[in-house]
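Notes to accompany the following structure.
The values are calculated or read from the model by the stated rules, or taken from the named source; none is laboratory data. Computed from a predicted model, the values in this text were never measured in an experiment. Surface accessibility is based on the protein's heavy atoms, side chains included, excluding ligands, DNA and RNA. Shrake-Rupley method; radii C 1.70, N 1.55, O 1.52, S 1.80 Å.
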Amino acid sequence: QVQLVESGGGLVQPGGSLRLSCAASGSIGSINAMGWYRQAPGKQRELVATITSGGSTNYADSVKGRFTISRDNARNTVYLQMNVLKPEDTAVYYCNADIVPRWYLTHYNYWGQGTQVTVSS
């Protein structure tokens, strides 16, 4: 059983910062790409940022220069540092990971439960 558990969401004023964390646990063989997605009310889930096991990153245009994704492979954890937050960043943020479970030969895609980020004055 593999789980992704997010933390770090909350309420912040425009221009503020938050740091999200997502830890993968359970029977993990290896972790490929990890990433963050978000879903605002009435909108589809969208990609925020991804990072490969080698550290290559990809960002949505709307967050480039403000958000930074990183990972700690020893801790099976991915982070999202969010700076200069805007009201339009308000959404539920979901962690995503491509994981090969222990004893398995193929990979599966896993999602966290989501954490609310609200940017408001």
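Once the gyration tensor of the Cα atoms in segment 1-44 is diagonalised, the equivalent ellipsoid follows with semi-axes of 26, 14, 10 Å, ordered largest first. For residue 20, the accessible surface of its heavy atoms amounts to roughly 0 Å² (probe 1.4 Å, protein chains only, rounded to the nearest 10). Rolling a 1.4 Å probe over the protein chains gives residue 11 an accessible area of about 130 Å².
Of all accessible surface on the chain at a 1.4 Å probe, what whole percent is carbon and sulfur? After summing per-atom areas, the C and S share lands at 48 percent. Across every pair of non-identical alpha carbons in segment 30-121, the mean reciprocal distance, once inverted, gives a Kirkwood radius of 13.9 Å.
Backbone phi angles across segment 36-50, fed through the Karplus curve with coefficients 6.51, -1.76 and 1.60 (θ = phi - 60°), yield HN-Hα couplings of 10, 10, 9, 9, 8, x, x, 10, 6, 5, 10, 6, 9, 6, 9 Hz in residue order; Gly and Pro are listed as x. At q = 0.24, 0.26 Å⁻¹ the log10 of I(q)/I(0) for segment 19-59 amounts to -0.94, -1.00, computed by Debye summation with a single uniform scatterer per C-alpha, solvent ignored. Given a 1.4 Å probe and the protein chains as shown, residue 5 ends up with an accessible area of around 80 Å². Rolling a 1.4 Å probe over the heavy atoms of the protein chains gives the chain an accessible area of 54 Å² per residue.
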